[in-house]
1. Quick one: which of 215-226, 236-247 comes out on top by average Cβ neighbours within 10 Å, and what's the full order, highest first?
2. For residue 98 and residue 146, FRET efficiency with R0 = 41 Å and r from the beta-carbon atoms, rounded to 0.05?
3. Amide H neighbours of residue 141 under 5 Å, counting only residues 5+ apart in sequence or on other chains, H built in-plane at 1.01 Å?
4. Once both labels are modelled 7 Å past Cα along the beta-carbon direction, what's the residue 47-residue 180 spacing in nm?
5. How big is the Kirkwood radius of the range 145-247, worked out from every pair of different alpha carbons and given in Å to one decimal?
6. Determine the gain in length on full extension of the stretch residue 227-residue 60; use 0.36 nm per residue of separation and subtract their C-alpha separation, reporting nm with one decimal.
7. 5 Å is the cut-off here: which amide hydrogens, built 1.01 Å from N in the peptide plane, fall below it relative to residue 130, excluding neighbours closer than 5 in sequence?
8. Give me log10 I(q)/I(0) at q = 0.09 Å⁻¹ for the range 67-246, Debye formula, one equal scatterer per alpha-carbon, no solvent.
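Please treat every number below as a calculation from the coordinates, not as lab data. All of these numbers come straight from a predicted model, not from anything done at the bench. All Cβ positions, glycine included, derive from the backbone under ideal geometry; neighbour counts span all protein chains shown.
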Amino acid sequence: MRHTERVTRRRARARARGVIAAVCAVAVIAVIAGLIAVATRPSAADAPLSASPAAAAPTADGSDVEAEWLERVSAETEIPERALAAYARADLDARSVFGCTVGWNTLAGIGYVESRHGTLQGGAVDDDGVARPAIIGIPLDGTNQTMDIADTDGGVLDGDTEGDRAVGPLQFIPETWTTWGVDGDGDGAVDPHDIDDAALTAARYLCRQHATLTGAASWIEAIRSYNDTGDYQRQVAEAATRYGDAG
């Protein structure tokens with residue numbers, strides 16, 4: 001009996017050592033994986049601060065964007081094709097109408113940061129270009145690190161009669177929309193929830209100070225006029241650079 005008990009105890013200790021060794025190995029692997037993740041994650045210093053405006057492939061007559069380009073770039077970037085078409089057409093129009101190079105990827109970068117291209121809240125941009133359900137931001141009342149903006153539209157655009165809220169897939173403040181909003185698809189309406197209108201309005205707004213956004217300084221100044229924070233600038237720059245590389 002004593003011999004059997006000693007053998008059993010030895011086996012138990014061996015099993016315990018095996019378990020401890022396995023746990024230690026897993027812990028070491030986890031630490032190494034964490035160190036690798038930290039080492040390979042882009043730091044804020046490495047993240048791009050600006051993006052180079054990219055041009056979509058136009059049709060032969062220059063009046064629209066090539067369908068094949070839209071299909072390919074949508075697949076590579078995971079930007080919904082309807083939203084991508086709005087960004088690309090707005091850039092073409094900005095070049096021809098405003099004489100300003102914005103870059104479809106710049107508009108797409110803003111669209112990604114503001115509303116994930118109209119897909120926030122489980123929504124989508126429909127074939128007619130309208131984001132449904134309507135994307136309405138939080139109250140701009142000075143809380144939650146927001147500006148305090150009194151109501152400027154009587155609730156017509158944002159449904160709020162006490163204060164303003166950003167609206168649409170590119171999140172325009174009602175007062176800004178009233179000043180800069182344009183009809184981007186020729187349907188006779190100027191609607192911040194219509195991504196064609198919103199994209200061309202964003203291009204017009206970004207171009208108001210510079211004839212082109214091809215230089216880093218003008219690009220950064222334009223983006224900071226849209227939302228004046230370094231974090232926002234970096235997020236848009238990172239997305240716009242990623243999209244531009246694909247297109």
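1. Descending packing order for the listed peptides: 236-247, 215-226.
2. The value I calculate is 0.85.
3. HN-HN under 5 Å from residue 141: 149.
4. With each label point 7 Å from Cα toward Cβ, the separation is 2.2 nm.
5. The Cα-based Kirkwood calculation yields 14.8 Å.
6. That works out to 56.5 nm of additional length.
7. 195
8. With no solvent term, the Cα-only Debye profile gives -0.28.
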